[in-house]
Amino acid sequence: MSGNHYVINSKSIKQLEIAFKQGASEAGNALTQWIGKPISVHLDSITPVPLGESMNLLGQPDEPVCCCIMHLEGAFRGRLALAFSDESGMALSEMLTGIPGSNEWGELEKSAALESANILGCAFLNAMVQSAASKDIATVLPSPPSFHRDYAMSLLQGLFLEQAMIADRVLFVRTQFFMEGKALVWHLLFIPDTLES
Amino acid sequence: MAGIGNNLPRFVNMGDIVIGNGEERFSTVLGSCIAIMMYDPSKKMGAMAHILLPQRRTIGDDKIGKYADVAIPEMLEQLVKKGCAIRKIWAKLAGGAAMFNASSSFLIGEKNLVAAQEVLEKKSVPVLATHCGGTKGRRALFYPGSGKIIITINGEPEVEI
């Protein structure tokens with residue numbers, strides 16, 4: 001750590017990888033309990049990439065996507081975002097509420113998505129804190145998640161802005177979700193405020 | 001997504017500056033970033049930049065299209081090199097939203113807009129229209145051969161500025 005920013009180097013990436021593998025495992029367990037179906041969460045990548053390349057992370061830049069975002073304060077700053085397509089979000093809502101056929105983001109659907117993001121995010125962060133070797137990482141204060149539906153690139157600009165202010169490459173942690181062995185179109189992104197070294 | 005020859009608009013990524021005319025079209029997607037679009041009606045030529053931040057950082061970053069303070073002079077220089085006259089060029093701006101109110105992007109969109117307007121004023125380039133602010137992203141489509149600009153906010157009707 002350096003001030004409020006995480007320093008990117010091979011050692012810090014390795015530490016993140018250990019913490020996030022644990023976080024992904026716990027997040028999968030929490031989601032399984034919440035949804036009532038077996039869900040597993042796998043670490044996909046922790047790689048610094050040029051800022052421009054990061055804008056395709058959620059698909060086509062001008063495709064609308066949904067994002068539940070938690071802002072992290074304390075010793076370790078950044079953002080945790082659960083991103084998903086309309087279709088995937090509605091399927092999640094249907095699983096949780098038992099109300100089929102909704103195709104608009106009403107209060108009920110948003111609430112289902114936000115609560116899922118909250119459970120997932122908190123499980124992830126708790127596991128991350130417990131497995132972190134560094135005491136610097138031990139205080140993480142997440143905000144309640146907020147729901148956003150907008151162009152993928154518009155959302156990603158907001159998510160990566162803090163990093164773009166100080167570096168040309170951005171670091172993110174991406175996970176993949178599987179339900180009963182099938183891949184889901186959900187992405188959990190963790191975007192720390194970083195410095196390159 | 002991009003390019004001449006496949007009928008799709010050329011996509012302008014963050015930090016890019018592009019110049020064009022004729023039948024070309026440029027598109028970009030904006031959150032807190034700003035699209036600066038310039039047009040010289042006498043040459044029927046235009047330029048688009050997609051800036052992220054108001055000022056260039058001091059530590060080595062040569063992608064000047066990312067910053068309002070250096071992107072605008074660069075756009076003007078490129079247009080003048082192509083035969084445009086500065087006194088005939090106008091500008092229009094889009095973007096600068098406050099995407100999430102718990103982060104720096106809450107304020108950076110507005111700072112981007114103010115910085116772009118200040119630099120354009122210093123360069124005596126009139127700003128004929130803006131479509132900025134709010135909390136939603138925008139898609140901008142620019143026709144550099146005619147100066148036409150179409151802005152779309154997700155879920156709302158498109159508007160020409």
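The values are calculated or read from the model by the stated rules, or taken from the named source; none is laboratory data. Just so it is clear, the model here is predicted, and its values are computed rather than measured. Cβ coordinates were reconstructed from backbone atoms using ideal geometry, including for glycine residues, and neighbour counts include every protein chain displayed.
Miscellaneous remarks
- Restricting the range B:42-52 to residues that are in contact (Cβ under 8 Å) with a residue 60 or more places away in the chain and part of a strand (DSSP E or B), the residue that is farthest from the other protein chains (Cβ to nearest Cβ): B:MET45
- Odd one out for B:THR152, checked against (1) polar (S, T, N, Q); (2) at pLDDT 95 or above; (3) under 13 Å from the mean Cα position of the chain (by Cα): (3)
- Condition met for B:ILE59 (closer than 24 Å to A:GLN163 by Cβ, hydrophobic (A, V, I, L, M, F, W, C) and either in contact with a strand residue (DSSP E or B) (Cβ under 9 Å, 6 or more places away or on another chain) or modelled with pLDDT of 95 or more (or both)): no
- Restricting the range A:159-172 to residues that are at pLDDT 80 or above and within 14 Å of the chain's Cα centre (by Cα) leaves a set whose member that is surrounded by the most Cβ atoms within 10 Å (Cβ to Cβ) is A:LEU159.
- Considering A:GLY23, A:GLY36, A:GLY78, the condition of being touching a Pro at 6+ places or on another chain (Cβ under 7 Å) and not hydroxyl-bearing (Ser, Thr, Tyr) is satisfied by A:GLY78 alone.
- From A:GLU73, A:GLU107, A:GLU63, A:GLU87, residue being under 24 Å from B:GLU156 (Cβ atoms), within 14 Å of chain B (Cβ to nearest Cβ) and of a type in the set (Asp, Glu): A:GLU63
- Subset of the range B:116-138 that is buried (at least 22 other Cβ atoms within 10 Å of the Cβ) and either at pLDDT below 95 or within 13 Å of chain A (Cβ to nearest Cβ) (or both) - its residue that is farthest from A:GLU73 (Cα to Cα): B:ARG138
- Boolean, A:GLY78 is over 12 Å from A:TRP186 (Cα atoms) and either surrounded by fewer than 17 Cβ atoms within 10 Å (Cβ to Cβ) or within 11 Å of chain B (Cβ to nearest Cβ) (or both): yes
- Count of the range B:139-152 residues which are away from every other protein chain (no Cβ under 14 Å) and hydroxyl-bearing (Ser, Thr, Tyr): 2
- Across the range B:131-159, the number of residues qualifying as under 25 Å from B:LYS82 (Cβ atoms) and in a strand (DSSP E or B) comes to 7.
- In the range A:109-142, the residues that are buried (at least 16 other Cβ atoms within 10 Å of the Cβ), polar (S, T, N, Q) and at pLDDT 85 or above: A:SER116, A:ASN118
Rundown of residues vs (1) modelled with pLDDT of 85 or more; (2) out of contact with any helix residue (DSSP H, G or I) (no Cβ under 9 Å at 6 or more places or on another chain), yes/no style:
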site: A:HIS5; (1), (2): no, no
site: A:GLN15; (1), (2): no, no
site: A:GLY52; (1), (2): no, yes
site: A:HIS71; (1), (2): yes, yes
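- Of all residues in the range B:11-24 being more than 10 Å from the chain's Cα centre (by Cα) and part of a strand (DSSP E or B), the one that is surrounded by the fewest Cβ atoms within 10 Å (Cβ to Cβ): B:ASN21
- Residue selected from the range A:40-54 under the condition buried (at least 20 other Cβ atoms within 10 Å of the Cβ) and closer than 23 Å to B:ARG139 by Cβ, by the criterion nearest to the other protein chains (Cβ to nearest Cβ): A:LEU51
- The range B:25-41, subset away from every other protein chain (no Cβ under 12 Å) and assigned to a loop (DSSP other than H, G, I, E, B), residue nearest to the chain's Cα centre (by Cα): B:ARG25
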